[in-house]
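Engineer: Below is a structure I'd like to ask you about.
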Amino acid sequence: MHTLPRLNWLLSLLLLVPLITQATEPLPSWNEGASRQAIVSFVGAVTEAGGKHYVPVPERIAVFDNDGTLWSEQPLYFEVLFSLDEVRRLAPEHPEWKTEQPFKAVLEDDSKALADSGMEGMLKIVAATHAGVSTDQFIARSRQWLASAKHPKTGKPYTEMVFQPMLELLAYLRANGFKTYIVSGGEVAFMRAFAEEVYGIPPEQVIGTTFDARFVDADGKLSILRQPKLLHNDDGPGKPVSIDSIIGRRPLLAFGNSDGDLQMLQWTKAGPGLRFAGLVHHTDAAREWAYDRDSKVGRLDKALSTANEQGWTVVDMARDWRRIYPFEQNK
């Protein structure tokens, strides 16, 4: 006479199995496919105790580019948009900017004149907005901007323009004993303003482009004063150099999205044993943007060819990601 309750209990348990599986399944915003399988297989191989590819926990280092890899980078790198807004905010303190390029172009919204100023002009803008203050002051300015600025296309805060599948990947790696680093061309203090809160990556694991600085003791008030002199450009070949000098271990896994990440991926794969190199390929014009070889922002050309030739994992955003942003409904 207890058959029916027992059957009901068994049926309820069977109905719960898919939900339990979904809750424990890694990378839930990734579609089943070659990219997801490559990641899961790699992590399983290097963490299997006694396996031929086993790597001790202290050597499980994973490095990630930021712009275009962990969050979006269109229509311009978000730090560039911050710098332009800072020029406008600081303009009353610099009346000379009304006639001095490239600041004049920013204040007059003259995109052609700004583009004509090239990299030299951009470096002037970055130096003017990133230096002359203490590190604490600059981080406070960055956080204030991030708390109020909105992306021009989505209207969302920039810190919500992060990729949900990559947040899951960071968490998955850390759950398997990996130490996750950002290695980016972005300025290091700007990224440290949000990386721990958004990515769970503490400031000491954020590596980026750096400006010169000096220690200042002003009547007992101590600070690190940022100087308008570029100390290290953490892009392209600068990435493996900074990995070598700051981390001191060759990564097991590296993820990027552009030619600026090529040398970091090459350096990672050149190490002994099983290693992983991945590229995020922006292919989804409907949910994000589609661009690669001809793009002026996040150009992916030589790195894409190298990845295809050497069998690296290329993540096709449109195909491989069920959801792109945390605010996007999971389909």
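The values are calculated or read from the model by the stated rules, or taken from the named source; none is laboratory data. Small disclaimer: the values here were computed from a predicted structure and weren't measured. Positions of Cβ are generated from backbone atoms using ideal geometry, with glycine treated the same way; all protein chains shown enter the neighbour counts. SASA here: full protein model, heavy atoms, side chains in, ligands and nucleic acids out. Shrake-Rupley method; radii C 1.70, N 1.55, O 1.52, S 1.80 Å.
Engineer: Only residues in region 125-146 that are under 28 Å from Ala113 (Cα atoms) count as the first member; pair them with residues that are at pLDDT 95 or above and assigned to a loop (DSSP other than H, G, I, E, B), Cβ under 7 angstrom, at least 6 apart or cross-chain, and list the lot.
Structural biologist: These pairs meet every condition: Ile125/Pro102; Ser142/Ala193; Leu146/Ala193; Leu146/Phe194.
Engineer: Still on this structure, I have one more. For region 161-184, give me each residue that is small (Gly, Ala, Ser), open to solvent by 10 Å² or more (accessible area, probe 1.4 Å) and more than 19 Å from Val57 (Cα to Cα). Explain how you work it out, then say what you get.
Structural biologist: Going residue by residue through region 161-184, those that are small (Gly, Ala, Ser) are 171, 175, 177, 184.
Filter again for open to solvent by 10 Å² or more (accessible area, probe 1.4 Å), leaving 171, 175, 177.
Across region 161-184, there are no qualifying residues.
Engineer: Could you please give the count of residues in region 54-110 that are under 23 Å from Glu288 (Cβ atoms), in contact with an Asp or Glu (Cβ under 7 Å, 6 or more places away or on another chain) and either polar (S, T, N, Q) or open to solvent by 20 Å² or more (accessible area, probe 1.4 Å) (or both)?
Structural biologist: 4
Engineer: Within region 185-212, take every residue that is out of contact with any helix residue (DSSP H, G or I) (no Cβ under 7 Å at 6 or more places or on another chain) and open to solvent by 20 Å² or more (accessible area, probe 1.4 Å) and give me the one that is farthest from Met119 (Cα to Cα).
Structural biologist: Glu197
Engineer: Let me ask something else about it. List every residue pair whose Cβ atoms lie under 6 Å apart, where the two residues are 6 or more positions apart in sequence or sit on different chains, the first residue falls within region 73-102 and is under 30 Å from His281 (Cβ atoms), and the second residue, located anywhere, is among the small types (Gly, Ala, Ser).
Structural biologist: Glu73/Gly298; Glu79/Gly186
Engineer: Would you mind stating whether Val126 is closer than 23 Å to Gly236 by Cβ, surrounded by 21 or more Cβ atoms within 10 Å (Cβ to Cβ) and in contact with a Pro (Cβ under 6 Å, 6 or more places away or on another chain)?
Structural biologist: Values: closer than 23 Å to Gly236 by Cβ: yes; surrounded by 21 or more Cβ atoms within 10 Å (Cβ to Cβ): yes; in contact with a Pro (Cβ under 6 Å, 6 or more places away or on another chain): no.
Taking the combined requirement at face value, the residue does not satisfy it.
Engineer: Just wondering, is there one or more residues in region 268-284 that are open to solvent by 60 Å² or more (accessible area, probe 1.4 Å) and assigned to a helix (DSSP H, G or I)?
Structural biologist: yes
Engineer: Mind checking which residues of region 299-327 are among the hydroxyl-bearing types (Ser, Thr, Tyr) and either touching a residue at least 12 places away in the same chain (Cβ under 8 Å) or open to solvent by less than 10 Å² (accessible area, probe 1.4 Å) (or both)? Before the answer, list the steps.
Structural biologist: Restricting attention to region 299-327, the residues satisfying the condition of being among the hydroxyl-bearing types (Ser, Thr, Tyr) are 305-306, 313, 325.
Scanning region 299-327 gives Thr306, Thr313, Tyr325.
Engineer: Can you find even one residue in region 236-245 that is in a strand (DSSP E or B) and of a type in the set (Asp, Glu)? Please lay out each step first, then the result.
Structural biologist: Pass one, region 236-245, residues in a strand (DSSP E or B): none.
Looking for residues that are in a strand (DSSP E or B) and of a type in the set (Asp, Glu), one finds none in region 236-245, hence no.
Engineer: Quick check on region 239-262: of everything there that is surrounded by fewer than 24 Cβ atoms within 10 Å (Cβ to Cβ) and β-branched (Val, Ile, Thr), which residue is nearest to Thr180 (Cα to Cα)?
Structural biologist: Here the answer is Ile247.
Engineer: While we're here: Is it the case that Leu230 is open to solvent by 10 Å² or more (accessible area, probe 1.4 Å), closer than 19 Å to Val183 by Cα and part of a strand (DSSP E or B)? Walk me through it before giving the result.
Structural biologist: Details: open to solvent by 10 Å² or more (accessible area, probe 1.4 Å): yes; closer than 19 Å to Val183 by Cα: yes; part of a strand (DSSP E or B): yes.
The answer is yes for Leu230.
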